[in-house]
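A.B. asks: I have a structure I would like to understand better, so I am pasting it below and will then ask my questions one at a time.
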Amino acid sequence: MTKRLLLIGLAISLIISWGIFSCRGPAEKYDLVIKQGLVLDGSGNPWFRADLGLKGQKIVAIKDRLEPQAASRIIEAEGLVIAPGFIDIHTHADRDLLDIPGCENYISQGVTTLVGGNCGGHDFPLAELFRQIEKKGIACNFASLAGHNTIRRQVMGMKMEKPTAEEMNRMKELLRQEMAAGAIGLSTGLAYLPGTYSSTEELVELAAVLSQTGGFYASHIRNQGQRITEAIEEAIAVGEKNGIPVEISHIKLAAEEVWNQLERITVPVEAARARGVEVTLDQYPYTATSSGFTSSLPQEVFEGGRDKFLERLKDPEIYNRVKQAVIRSRLTSRRGIDKLETIYVASSRKFPGYEGKNLKQILELQGKAVNVDNGAELIIDLVREGDVSAIFFQMDEKDVEALMRLPYVMIGSDGGLQLAGQGSPHPRSYGTFPRVLGEYVRERKIITLEEAVRKMTSFPAQTMRLKNRGMIREGYYADLTIFNPAEVRDTATFAQPHQHSRGIIYVLVNGQVVLEQGKFTGKRPGAIIYGPGYRKK
C-alpha cells in the first residue's frame, strides 16, 4: 500500500512539473546563435564548421549544432567565414574618436579594436580621454599607447638638448601616470618632432618604466631607407635592455636605394628573436606612405618651436639649405621617377583646393614652372602656412608582398577615423584589412586566408597581451567579423578614398551587432581596453 501511494505521488509531481515547464516554453539559453559558418578561430588553423552561441558580451558555446529554439536571434552564416574581430594595432584614431564615435570606416573593414597613441603622439592625458569616451560611447573597442613625443613636449617643449636629470624624472613620472591611466605601452615617433631630438640612451631610460608597469614598446623608427638596419637595431636595444617586447611600426623599405633588400630588415629582427628578444612588426598593404610635410625638412630648423622656425626661414642662407635638403630627401630619384607626380596633398585646412592633387598639378594651378626648385619651395610654403598631410609613393610592391609573407609581421592600417568626403586621405583608412583578404589572399595568393586572419587577430592580441580577445573560444568576448571570402575586397582608391569595402556582412563588438548586412546599426558597445599598469581610481 505504501509503495502504491509513493508511485501515485511521484506521478502527480511529474504531471505538475510538466505542466509548469510546458507553460513556460523552452528556456532561452543564448542571446544570439550564429549558425553553420566556417570558423577561422584566429590561431592560423584551418576553418571548421560550427554554431556559435552568444550570451551577453561573451561566446559561451561552440558546437557542431545548437538548437535554434535556444536562441533569441539567429544569424545564418552558411558559406561565410566567422573570424575574430580584426584588431588594428596601429592607428591614429585617438585624434577623432570623440567626433566620430561610430568608427564607420573601420567597422566596415571588420575591425573591432583600434589602438591609438602611435608614432609617439597620444591624446594627453589619457585618463580624461578615457573618461569622455566612456561617457559618450563608441562602436569599437579602443586601447592607447602613451607617446614619447607627447611626454617630451610636455616636459621639454621643442628643445633639442639632452634631458636633465630633473626633466627625465618628470618624463618618467608622466609615463607612469599614463600607464596607471591604462596605456598599453610606450610609442615613439623618431622621424617626428620632438622625438627626433632624443638619443637612444634617453629612450632606454624612459622605457625602463615599462619594466615595472608592463606594456610593450612600439616604434616609428628613425629611418626607413638606407639606415633602416641601424634604426631597427636601436628599437631592439630599447626593448632588450629593459626586457620588454618591441613592436616596429608600419615596416617598409621606403627609399629607392634599398628596394628589394629585405635582409636589411630580416637580419637584425631574426638575430634578435634568436636571442630571445620578442620583436614583431606591422605593415599596411600599399606602396604609399602618409604623413605631414614637416618630416621632409631638416629637423633642427624647428628647434624652439614654430616662431623660431619662421624666423629662421627669413635667413636666405638657412632657407637655401632647407630647400636643398628637401630636394635631396623628397624630390630626387635615381630611377628617373618624377617625384612631383608621386607626392599628393591629403588634407589642408588652409588650402582645401590642393587636396587630392600632386605637386605638379598644384604648381600648374599656381602658374609656376614645374621643376624641383619650385616643388621644394612649395613644400616649404605649405609647412610655413601650417603643416599639411601628404601622401608619398615611395615603396616597391615586391617588398610589400615579401614582408607580408614573414610570420612575425602583422597587419595595421596606420590610418585614422574619417568623415565621408572630408579631405583626400590615404585609402588605408578604409581598405587595409579587406584589401589583404581580397587582393593578397584570394587574388595573388601571397598568404593563406588562415594566416591573414591570424595576422589580424590573435597575433596583435598576443603582442598587446589581451585577455579573452583575438580568438574564437568559449569564454572570449564576442568580437566577431563575418565575411564572404569570395567577395571581400577594398574599394577605396587614392583618387576616391572615401569608399567602404565590400564583403564584410556582419560585425559584432562585445556581443552586439554594429554592422548588419553591410549597414551600420548605430550601436556603441565598444569598451576601453586598459593596459597592465591600470590603476582604477
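A.B. asks: Angle check, please: helix 126-136 long axis (alpha carbons) against the longest principal axis of the chain (alpha carbons), in degrees 0 to 90, nearest 10.
C.D. replies: Value to nearest ten degrees: 50.
A.B. asks: Once amide H atoms are built 1.01 Å from N in the peptide plane, which residues 5 or more positions from Ile529, or in another chain, come under 5 Å H to H?
C.D. replies: Under 5 Å from the amide H of Ile529: Phe142, Ala143.
A.B. asks: So what are the ³J(HN,Hα) numbers for the range 521-537, from phi and the Karplus equation (6.51, -1.76, 1.60; θ = phi - 60°), rounded to whole Hz, Gly and Pro as x?
C.D. replies: With coefficients 6.51, -1.76 and 1.60, one gets 8, x, 6, 10, x, x, 10, 6, 9, 8, x, x, x, 4, 10, 6, 9 Hz.
A.B. asks: Next up: For helix 228-242, report the angle its Cα long axis makes with the longest principal axis of the Cα atoms of the chain; keep it between 0 and 90° and round to the nearest 10°.
C.D. replies: Between helix and principal axis, roughly 60 degrees.
A.B. asks: Would you list, by chain and number, the lysines whose Cα falls below 19 Å from the Cα of Lys445, excluding same-chain residues fewer than 8 positions away?
C.D. replies: By straight Cα distance, Lys445 reaches Lys398, Lys455.
A.B. asks: Using Cα extents along the principal axes in Å as the read-out, say which of [x] 117, 50, 44; [y] 86, 59, 46; [z] 65, 53, 46 was calculated from these coordinates.
C.D. replies: Of the listed options [x] 117, 50, 44; [y] 86, 59, 46; [z] 65, 53, 46, [x] comes from this structure.
Read-outs throughout are calculated quantities, based only on the coordinates presented, and are distinct from any laboratory measurement. Everything numeric here is computed off the predicted structure, so don't read it as measured data.
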